[in-house]
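Just below is one structure, and these are the notes that go with it.
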Amino acid sequence: MMKSMRIFAVGVTCFVVFVGLVRLVSAADVHPLLGKAAPVFSLDLMDGGKLDLAALKGKIVVLDFWATWCPPCRSALPVYVKVTDKLKDKGVVFHGINLRETPDLVKAFQKKADLKFSVAIASKSDITNQYGVEGIPQLVIIGKDGVVEAVHVGLAPDAEAVLTKELETLISGKSLVKKDEPKK
């Protein structure tokens, strides 16, 4: 019985990873938020305070929708934290948005992984619906003007280089959105 449950768990994990990778490499998929104003929200942070997107206007905001049970999420977080920490003095802020897990579970994960980053718990599906989250990890990069500049679903092997380049482009005042993609 235990062996069949392990096989099932491995199968489910592989499926989640596969779906994430398929979504990642499907370049024809343009996220509906790309080039539009980021949906404004306010969530409680695990360690107190609020994650209020409106209050972050003028900064480059990186949001990662994730969960501790998601292998690609666990692999992506150290990369995202490393890149954004290097650029925080240039106006880049990073917030993890955990999907419906308990604060104790998230804190235990952060301690075990030796990761320090701000986390809000999305206990309702409102924010995931607003941001069109269909797979995780989903990384959303919002420019200083509040416009969604990039959305990445899944974890690419070159995520560190891609994220660094995108953030440096935004820091330099350029947009990541192609000119033929409408802004709202």
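Within the option set A122, A67, being of a type in the set (G, A, S), over 24 Å from L170 (Cβ atoms) and at pLDDT 95 or above holds for one residue only, A67. Within the stretch 146-168, is even one residue of a type outside the set (D, E, K, R), within 18 Å of K57 (Cα to Cα), at pLDDT 95 or above and surrounded by fewer than 13 Cβ atoms within 10 Å (Cβ to Cβ)? No, the conditions are met nowhere in the stretch 146-168.
One residue stands out in the stretch 129-161 among those that are closer than 15 Å to P39 by Cα and among the β-branched types (V, I, T): the one that is farthest from the chain's Cα centre (by Cα), namely V147. Considering (1) crowded, with 21+ Cβ neighbours inside 10 Å; (2) modelled with pLDDT under 95, the lone condition that G132 does not fulfil carries the number (1). Condition test on K144, is it under 20 Å from S42 (Cβ atoms), part of a loop (DSSP other than H, G, I, E, B) and either in contact (Cβ under 8 Å) with a residue 60 or more places away in the chain or touching a strand residue (DSSP E or B) at 6+ places or on another chain (Cβ under 7 Å) (or both)? Here the answer is yes, as K144 does meet what is asked. Of all the residues in the stretch 91-108, those that are in contact with a strand residue (DSSP E or B) (Cβ under 8 Å, 6 or more places away or on another chain), over 17 Å from L139 (Cβ atoms) and touching a residue at least 40 places away in the same chain (Cβ under 8 Å) number 3.
Residue-wise test of (1) in contact (Cβ under 8 Å) with a residue 60 or more places away in the chain; (2) outside any loop (DSSP other than H, G, I, E, B); (3) under 24 Å from G35 (Cα atoms).
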{"position": "L51", "(1), (2), (3)": "yes, yes, yes"}
{"position": "G58", "(1), (2), (3)": "yes, no, yes"}
{"position": "V62", "(1), (2), (3)": "yes, yes, yes"}
{"position": "V79", "(1), (2), (3)": "yes, yes, no"}
{"position": "Q110", "(1), (2), (3)": "no, yes, no"}
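Residues in the stretch 89-131 that are farther than 16 Å from W69 by Cβ and among the β-branched types (V, I, T): V92, V93, I127.
The values are calculated or read from the model by the stated rules, or taken from the named source; none is laboratory data. Computed from a predicted model, the values in this text were never measured in an experiment. Methodologically, a virtual Cβ is constructed for each residue, glycine included, from the backbone with ideal geometry; neighbour enumeration extends over all protein chains shown.
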